[in-house]
Amino acid sequence: MTQLALLGGEKTRSRPFSPWPQYGETDRERLLEVLESRNWGGYPFPNRWADEFGERFAAHHGARYGCALANGTIAIVAALKAAGIGFGDEVIVPAYTWEGTATAVLDAGAVPVFADIDPDTYCLDAGSASNAITPRTRALLPVHLAMRFAEMDRLVELAAGHDLIVIEDCAHAHGGEYQGRGAGSIGDLGCFSFQSSKLMTAGEGGVAITSRLEYFELLQTLVNCGRASVSDRFKQRRVGSNYRITEFQAALLMGQLERLPGLGERRARNAAALGRALAEIPGVRPLPPQPAATREAIYCYVFQYRPGEHRPARDLVAAAIEAEGVPCDGRFYEPVYRSDLFRPTPEEYPQWKAGHTGHCPVAERAAYQEALWLPQFVLLGDERDVEDIARAVEKVASNLEALAKASPALAGVKSMSRAERPGIEKRNY
Ligand SMILES: Cc1ncc(COP(=O)(O)O)c(C=O)c1O
């Protein structure tokens, strides 16, 4: 049996994967055009590129309006405020997500209430969300996580029954479709991030989409220092702040949107091949297919570590796959209520009271024992890349005994917690 790279053996792969982000000549031309226009900022609002991008992005996802803004976290804060969520209101969020989903709720003045996730999609579980509803609940905030959609049909029905707003966190779901409907256009509002690792990026950036004019007008007011929206039909006035996007970002995003369908198809094709290969490897399990996802968006490829008893910890398995030359993370997310990036105090957030934590067993299992995350750019190449990934996983899976034996010596090799890492180190590009 070949020795694992983590234990001193040879790596399965030493070539880098596809570079990310991707760009082309048109991007260079657009950026130069913005540069030479001397019109760089977000003001006057909405500036030329930001306006056109917001409209195109919304149309691409089946919504009427799109407000491009500074980042995905602010998109959620603005969407919550636009939907009238305010001080002390409860918003149900999945426990397994990026901490920003929940901190955005706090920043909007509301209280995030954690519900558990579905074991096969890792997205908000409708039953758990239903159990979390109280008389103070005002909204559901499902996240379409990694490569799967939250079960929107059940969540929308649940919301209708309790008069709740639905805001979709689509930071991972650019270009995806659920039952033929674009991500972010199924609920009342949808929020996207364009941070560096995302399926479309301008380094930073975000957008909130909706088909309701009153929400769109409020979004514009909130991100543009309280000024009137362009159409101002509803004459809404609110204290706002400056969350405008720059013209450089918006011009770059235009190219990212053009490139999205082609790259999305390639990822989906490679993900399907990888799923077939992983299904043959004992000790791991690909997430089951999701027929309701009529167009997949794969931000990260997630699969599950399902060893028998007395096996090495998941974090060690992630480190072993990584050592084989395939970027892999175990503790990509933690249940937010346990994360050291989420320690709100009542002094900072008076709406947050002791006891607003949670216990979500499926999220805990995913976070600490089961989930293995591969970044999307490993799926941008061809079948040889997929074969290398499968060979690396297979090598690790067939060396679990050796890994378990070595594990006392490898005690220091574990995924760092979110606060320990200054940012995920990006290898291979
Ligand atoms: C699920 C989720 N929600 C929200 C965000 C926030 O986006 P941003 O980093 O652009 O503020 C991110 C991205 O980091 C995310 O992954």
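Values quoted throughout were computed directly from the atomic coordinates according to the rules given, and no laboratory measurement underlies them. Source: prediction; values computed, not measured. Neighbour counts run over all protein chains shown; Cβ positions are idealised from the backbone, glycine included.
A few remarks follow.
- Each Cα pair under 8 Å and six or more residues apart adds its separation to the average, and for the stretch 216-257 the resulting relative contact order is 35 percent.
- Overall form of the stretch 141-278 per C-alpha gyration tensor (a/c, 1.5; a/b vs b/c): oblate
- Compared with the rule-of-thumb size 2.2 N^0.38 Å for a compact globular protein, the stretch 1-123 has a Cα radius of gyration ratio of 1.58.
- Square roots of five times the Cα gyration tensor eigenvalues for the stretch 25-255, Å: 29, 20, 14
- Considering only Asp116, Asp385, Asp232, the mean-square fluctuation computed in a Gaussian network model of the chain, springs between alpha carbons under 10 angstrom, is largest for Asp232.
- Note on the chain: GNM, Cα springs under 10 Å; of Leu35, Leu145, Leu379, the largest mean-square fluctuation is that of Leu35.
- Label-point separation, Arg56 to Glu25 (7 Å along Cα→Cβ), nm: 1.8 nm
- Potential extension, Thr357-Arg269 segment - 0.36 nm per residue separation minus Cα distance: 27.8 nm
- Taking 7 Å steps out from each Cα toward its Cβ at Phe87 and Arg212 produces label points 2.3 nm apart.
- Semi-axis lengths, Å, the stretch 259-406, gyration tensor of Cα atoms, sqrt of 5 times eigenvalues: 30, 22, 13
- For the chain, the direction-averaged projected area of the alpha-carbon convex hull comes to 20.7 nm².
- In this structure, the pairs whose alpha-carbon distance is over 32 Å, taken from Lys11/Lys198; Lys81/Lys198; Lys198/Lys405, are Lys198/Lys405.
- For the chain, adding -39500 (n - 2.57) for each run of n ≥ 4 DSSP H residues and dividing by the number of residues yields -10500 deg cm²/dmol at 222 nm.
- Largest GNM mean-square fluctuation among Gly72, Gly226, Gly176, using the chain with Cα springs under 10 Å: Gly226.
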